[in-house]
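The values are calculated or read from the model by the stated rules, or taken from the named source; none is laboratory data. Here the structure is a predicted model, which is why all the values come from computation and not from measurement. Neighbour counts are summed over all protein chains in view; Cβ atoms, including those assigned to glycine, are modelled from backbone coordinates with ideal geometry.
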Amino acid sequence: MPRPEVLDRIKEAEREADEIVAEAEEEREQRLEEARERAEEIREQAHTDADELAEERLADAREEIDAEREAILEDGTEQRERLESQAEDRVDDVVDDVLEAFAEEVHAQT
């Protein structure tokens with residue numbers, strides 16, 4: 001094979017190699033960009049999921065607090081009613097004791 005042909009083939013091979021390298025570099029950049037975009041999508045989805053989970057937990061906590069608050073209020077109402085009933089039951093006894101003490105005081109002064 002004559003020398004000019006060999007040089008032409010070498011140059012052609014180098015040009016093809018340069019094209020292959022350029023295409024590979026372009027493909028690498030494209031894949032990197034796609035990977036970055038996918039990573040950003042995953043981060044955004046994770047953030048959205050975390051926000052939703054936080055809202056769910058907050059709602060659950062509020063429900064528990066409301067239920068506990070209602071139970072406390074109901075217990076307090078029952079205690080108040082029980083104390084009022086006990087106080088009402090003792091009114092007659094207290095009135096009798098006061099009248100008796102008053103009568104004793106009146107008799108003691110006479």
Inset, instruction - Among the candidates Glu12, Glu104, Glu33, single out the residue that is surrounded by 10 or more Cβ atoms within 10 Å (Cβ to Cβ), of a type outside the set (Phe, Trp, Tyr) and either modelled with pLDDT of 95 or more or outside any helix (DSSP H, G or I) (or both). - result: Glu33
Inset, instruction - Working carefully through the options Asp92, Asp96, find the one that is at pLDDT below 90, surrounded by fewer than 10 Cβ atoms within 10 Å (Cβ to Cβ) and assigned to a helix (DSSP H, G or I). - result: Asp92
